[in-house]
């Protein structure tokens, strides 16, 4: 009997040891090869929620809400729940009571009030007025004007929550302390080069498998690909279209294409200059062959679009009663109505080869129908300076925008006084509809409102949307834990690499 028990015990120990050995090993340090420079560690300085700073602050800071790429829904994060009042200008928010900042300070409503009240530009300040603290874990957010999309704004990285006490004690670096699962190593930060993070083992939620993470800037697309292939970085973003097939042939890496919301477009200056003539705008709109543009640009997964709207938003409208598409004969009919006004200058940011390629294709397509296009080359700063809403100097321009995952973000390119309104659009009906859109939660009303906005922009050709640019992540085999984000603000919180 004793011998049988001994044999059974030995077998059990062997099985237990085997199970332990079978547990996967994870690489301790993940390195991400970034295509853009991280130049600040303050999430509230990330004015336009740009993607490269967004990727960092998603790891280090939490927000009241977040957009779940798996469920495709807005979900609570630091907030347990929220509720609008009947006029949609006040929101009662209940906070989690189990959250601490990375330095051990407990999260309270005072931190949320402090965070939302910090000076910043962007859409949050257009709506946020003040907050009324009810208790440590409850507050009422008071808006300047109604906005049913405000909690979607709270999911953006400029709405990250920081510690009031920490920021007041350390005005220089206190804002780098969040409640997220990753802690920014401020002392190791090299501006415009790299950001080091280490795991927050006391995180209130799920703790990552990986211990360390680095954002490393590698500006050249070919160099980023080589870095992945040489095992210098584990994951990177945006390789060149012409290197895509070679990358797919490498057995040690995976190429992960995904549909982005980046809309490439032609914007007319609708306030002054030759493009105030709707006949010229419609002539150009009918002269443009989107498929040819995508082919020349070389985007293997680019998708033509006829609406300026984000395909991922609930009010997206892909079809129109009278589509304005490629029709050279129709373009010539509108040219005849232009009374000789058939010259247009298109401004292009030449730091992007894609923008220049688009402009040159449109230039040739328009020449065939009798329109003379001149290309004005500038850098990024020049494009911004010459296309401000109150002092535009451009006649037209080629640009791109990645809209957020909520309908009212279209106001950036259509709202009065918005410098993202590169079409210099000031349409009374659109302004009225934008106001109505943030005063209703009824899905059918929302769909009708934003559908009408798209009809107006399409029919009047304020913009000529061209295509949704595809995006690509590249990572080493065994890399897991990331669902590509349409806005390219990829969530690397739970990224890991299984080691062989």
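The values are calculated or read from the model by the stated rules, or taken from the named source; none is laboratory data. Treat the numbers as computed from the prediction; the structure is a model and nothing was measured. Reconstructed Cβ throughout: ideal geometry from the backbone, glycine too, with neighbour counts over all protein chains shown.
Residue count for the range 406-430 satisfying the condition of being assigned to a helix (DSSP H, G or I), out of contact with any helix residue (DSSP H, G or I) (no Cβ under 8 Å at 6 or more places or on another chain) and buried (at least 22 other Cβ atoms within 10 Å of the Cβ): 1.
Residue pairs whose Cβ atoms lie under 8 Å apart, separated by 6 or more positions or on different chains, with the first residue in the range 224-251 and without any contact (Cβ under 8 Å) to a residue 40 or more places away in the chain and the second in a strand (DSSP E or B), are 229/253; 248/255.
Can you name the residue in the range 371-405 that is assigned to a loop (DSSP other than H, G, I, E, B) and in contact (Cβ under 8 Å) with a residue 40 or more places away in the chain and, of all such residues, is nearest to residue 465 (Cα to Cα)?
To start, the set of residues in the range 371-405 that are assigned to a loop (DSSP other than H, G, I, E, B) comprises 371, 379, 386-395, 403-405.
Remaining after also requiring in contact (Cβ under 8 Å) with a residue 40 or more places away in the chain: 371, 387, 392, 394-395, 403-405.
Working: 371: 19, 387: 18, 392: 20, 394: 18, 395: 16, 403: 13, 404: 17, 405: 18 Å.
Restricting to residues being assigned to a loop (DSSP other than H, G, I, E, B) and in contact (Cβ under 8 Å) with a residue 40 or more places away in the chain, the top hit is 403.
Checking the condition more than 25 Å from the chain's Cα centre (by Cα), loosely packed, with under 15 Cβ neighbours inside 10 Å and within 26 Å of residue 485 (Cα to Cα), which residue from 187, 201, 193 passes? Show your work before the answer.
Values: 187 fails: within 26 Å of residue 485 (Cα to Cα); 193 fails: more than 25 Å from the chain's Cα centre (by Cα).
Step by step, each of 187, 201, 193 is checked, and only 201 is more than 25 Å from the chain's Cα centre (by Cα), loosely packed, with under 15 Cβ neighbours inside 10 Å and within 26 Å of residue 485 (Cα to Cα).
Please work out if residue 133 is touching a residue at least 24 places away in the same chain (Cβ under 8 Å), in contact with a helix residue (DSSP H, G or I) (Cβ under 7 Å, 6 or more places away or on another chain) and in a loop (DSSP other than H, G, I, E, B). So residue 133 does not fit the description; no. Taking the conditions (1) farther than 15 Å from residue 41 by Cα; (2) at pLDDT 95 or above; (3) touching a helix residue (DSSP H, G or I) at 6+ places or on another chain (Cβ under 7 Å) in turn, residue 184 satisfies each one other than (1).
Among the residues of this structure, residue 166 does not count as one that is modelled with pLDDT under 95, surrounded by 14 or more Cβ atoms within 10 Å (Cβ to Cβ) and either under 25 Å from residue 197 (Cα atoms) or in the same structural domain as residue 437 (by TED's automatic domain parsing) (or both). Scanning the range 431-462 for residues that are out of contact with any helix residue (DSSP H, G or I) (no Cβ under 8 Å at 6 or more places or on another chain), surrounded by 20 or more Cβ atoms within 10 Å (Cβ to Cβ) and more than 21 Å from residue 274 (Cβ to Cβ) yields a single hit, 454.
Yes or no: residue 148 over 19 Å from the mean Cα position of the chain (by Cα) and either in the same structural domain as residue 440 (by TED's automatic domain parsing) or under 15 Å from residue 438 (Cα atoms) (or both)? So residue 148 passes the test. On the basis of being buried (at least 23 other Cβ atoms within 10 Å of the Cβ) and closer than 18 Å to residue 358 by Cβ, does residue 400 make the cut? No, not satisfied. Suppose the filter is modelled with pLDDT of 95 or more and loosely packed, with under 15 Cβ neighbours inside 10 Å; does residue 129 pass it? For residue 129, the condition - modelled with pLDDT of 95 or more and loosely packed, with under 15 Cβ neighbours inside 10 Å - is met. Does any residue of the range 344-353 turn out to be over 28 Å from the mean Cα position of the chain (by Cα) and surrounded by fewer than 17 Cβ atoms within 10 Å (Cβ to Cβ)? Scanning the range 344-353, I find no residue that is over 28 Å from the mean Cα position of the chain (by Cα) and surrounded by fewer than 17 Cβ atoms within 10 Å (Cβ to Cβ), so the answer is no.
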